[in-house]
Amino acid sequence: MTNAPALLEEQAAASPSGPLLVVDELRTTIHTPRGDLRAVDGVSLTLDRGEMLGIVGESGSGKSVLGRTIMGLHTTGPTTTIQGRVAFDGLDIQQLEPARLRELWGDRIGMVFQDPMTALNPVKKIGVHLTETLRKHRGLSRAEARDRALELLAQVGIPDPRRRIGQFPHEMSGGMRQRVVIAMALANEPDLLIADEPTTALDVTVQRQILDLLDRLQDELGMAVILISHNLGVVAGRADRVAVMYAGRVVETAEAASLFRAPHHPYAEALLDAIPRLELPPHLRLDAIDGAPPNMLRPPPGCRFAPRCRYAQDDCVATMPTLAATPGVPDHRFACFHPVHLDAPEPAAPTADTAGGR
Amino acid sequence: MAGTGTLHLRESDQVLSVEELVVEFPAKGGGTVHAVSGISFDVVDGETLGILGESGCGKSSAGRALMQLPPPTAGSVRLQGAELTGTSRRELRGRRAGMQMIFQDPVSSLNPRRRVKDLVAEGPRTRGEKVDEARIREVLTAVGLDPDVVWDRRPHELSGGQCQRVCIARALMLDPELLICDEPVSSLDVSVQAQILNLLEETKRRYRLSMVFIAHDLAVVKNISDRIMVMYLGKVCEIVPSGALKESARHPYTRLLLESVPEAHLPGARDETSISATSAELPSPLDPPSGCRFRTRCPLATDVCASEEPRLRPAGEGHYVACHHADL
């Protein structure tokens, strides 16, 4: 641990064009009265500049805690222990002073939370939310900050920014509020945006617009984005890469297209199969995943999905599988002894594989 | 106020018939919220009717008005031929038992201090009936809960999916003919959502129920419904057999909803007949647009849409559309 920062700085200096974010064997343990809850339990991932990574899993899979730990919102303290490393552009997030962290937040790392109702201060006008970060990080004058705020509101597709900037959050709809939250996160054109269920609280038509907006801004600004969602559908077609989380661990990670074409981990397959699909006829029985995610105070031995897995065998309970590459597709890695769709043909027949064709 | 028409109503076998249902609420500072503005529909024996729309479209208000919670401003709701609107409270209690409701948030719709065995027996008990343990056990088993495990548990000791199963068991205890489900799966994870949808389908078959299923998720509604009624700002846009939703839906609003489905990006679901709304914002239900209420967001809107309200017209077998331009 002690030589970690030096090592990371070395790495960053050696390859300035290396990954923007490196997460290495990250463990976030939350101490509760009932015992230690291993919310994130050994996650490693990398994110390149300008890349969009989707993190998908059920509630309780640790995806939000992972996002918050990457951000530096969870740090080692009386209630939490963090092991492993988060390196953002060569900076070890866990080693940074709170003051340094605050310099990063809102400037180089932005975050969009799930609930736009509680992410905004109800007694402050929209304008204040936006200009605060601009004045603090960029040292803009009041007038300059206001101009930039108007520009941002227009950029996220809010009609009539001049009127909106003087309104309070309660005067706006949920979709408009979420746009404001995104505008705040984007104010300083961060290198990394962490969006935790940004559209879950919103209607479908609005959801589509917000996701399109993130997509467009990511291209325009060259941001890296971590999109966290419980719905694979939200992530499909947007993310470059997808990591599927289960019980605090990444069980499969791949290029998005590769994962949706042929998920190898039974959990990823089951998540895809559980989604009702518009192109299938009505009254089709859905492939539900039986049971519930494990209690993370006492996770089961071996593969954590084994108790719910239809392919589980004795070896699954005995040892925990680790992430390994798919033969021939090094970017597609999964942690399973009995993977599925390994012989899936490369481009063809995607529907039968992913749409519950069995 | 004129409704959108009654052409789509059927002749016989109705479990539920609703005519010209109007729900209005007084708003702060004068004004009236026009939540539901004259809709008619029916549900025949064994059918599942899906009501689809975004928040604010009046789908939940319509569902609650069926239950007389509160009674609608105007219109008629008949369950098995018996009129529910305008009847006395006592009479309503008797007639309404045949219709049970399941809500979006299963945890908050259960009394946190009661145990599962009492929660499930509550309905018949309030009606002064004796409930034997065997019946409770039978219903709990039917909804996929192990009576021995959950018997003495309270809601906080159950997961969201299990709570929703308890809610379904509560509804079944009263031997309903019709189940009204208001967003029953939207607060659940995809995997649990699939379990509950399968359970509702099984329950419906087993107890010979009809169902009104209210939700905003197109794929969910399509999966469970026989017919789908699309609502926008208190009006019916389209009624379409669910098998034909994706291919033959014609109303521009239904097309917009179809376009917005994020699952459209999953492999095997590519379809690029893009229709884009001109504005994202739902107009205020305090002052809904004249004529067709969707016209302010509609890419096809012309003058006639502002002056004349479109009525439901037949567009195929069991398919009705309320739009001036839908056959374009």
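Here are the numbers for the structure shown:
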{"item": "Radius ratio Rg over Rh of the range A:175-228, counting only Cα atoms, Kirkwood formula for Rh", "result": "0.93"}
{"item": "Two-decimal log10 I(q)/I(0) for the range A:204-358, as the Debye equation yields it once each C-alpha is a single scatterer, q = 0.09, 0.15, 0.16 Å⁻¹", "result": "-0.32, -0.88, -0.99"}
{"item": "Calculated diffusion of the range A:4-239, Stokes-Einstein form, Kirkwood radius summed over Cα pairs, 25 °C and 0.890 mPa s, µm²/s", "result": "133"}
{"item": "Global form of the range B:137-216, assessed from the alpha-carbon gyration tensor, a/c cut-off 1.5", "result": "oblate"}
{"item": "Kirkwood estimate for the protein assembly as shown, i.e. one over the average of 1/r between Cα atoms, Å", "result": "27.1"}
{"item": "Kirkwood-Stokes translational diffusion coefficient of the range B:192-264, alpha-carbon pairs, 37 °C, 0.692 mPa s, µm²/s", "result": "249"}
{"item": "Whole-Hz ³J(HN,Hα) from phi, Karplus 6.51 cos²θ - 1.76 cosθ + 1.60, for the range B:318-325, glycine and proline x", "result": "x, 10, 10, 10, 10, 7, 6, 10"}
{"item": "Residues with amide H under 5 Å from that of residue B:313, placed H, sequence gap 5 or more", "result": "B:321, B:322, B:323"}
{"item": "Taking the range A:4-239 and dividing mean pair separation by its residue count, relative contact order in percent (alpha carbons under 8 Å, at least six apart)", "result": "25"}
{"item": "Order by protection proxy (mean Cβ within 10 Å, highest first), peptides B:253-259, A:315-321, B:199-205", "result": "B:253-259, B:199-205, A:315-321"}
{"item": "Residue-count net charge about residue A:247 - beta-carbon cut-off 12 Å; Lys, Arg +1, Asp, Glu -1", "result": "+4"}
{"item": "Chain B - Rg over Rh from alpha carbon coordinates, Kirkwood radius", "result": "0.98"}
{"item": "Computed over the range A:273-336, Cα set: Rg, Dmax in Å", "result": "15.5, 41"}
{"item": "Proximal lysines to residue B:222, defined as alpha-carbon separation beneath 26 angstrom and excluding residues fewer than eight positions away on the same chain", "result": "B:59, B:204, B:235, B:246"}
{"item": "Shielding of A:284-291 by partner chains, average beta-carbon count, 10 Å", "result": "6"}
{"item": "Reach of residue A:136 by Cα under 16 Å, taken over aspartates and glutamates that are not fewer than 8 positions away in the same chain", "result": "A:103, A:107, A:144, A:147, A:189"}
{"item": "Counted charge near residue A:270, where neighbours are those whose Cβ lies closer than 9 Å (Asp, Glu -1; Lys, Arg +1)", "result": "-1"}
{"item": "Neighbour net charge for residue B:114 - beta-carbon separation under 15 angstrom, K R +1, D E -1", "result": "+3"}
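The numbers here are math on the coordinates, done by the rules we state, and not lab data. Everything numeric here is computed off the predicted structure, so don't read it as measured data. Methodologically, a virtual Cβ is constructed for each residue, glycine included, from the backbone with ideal geometry; neighbour enumeration extends over all protein chains shown.
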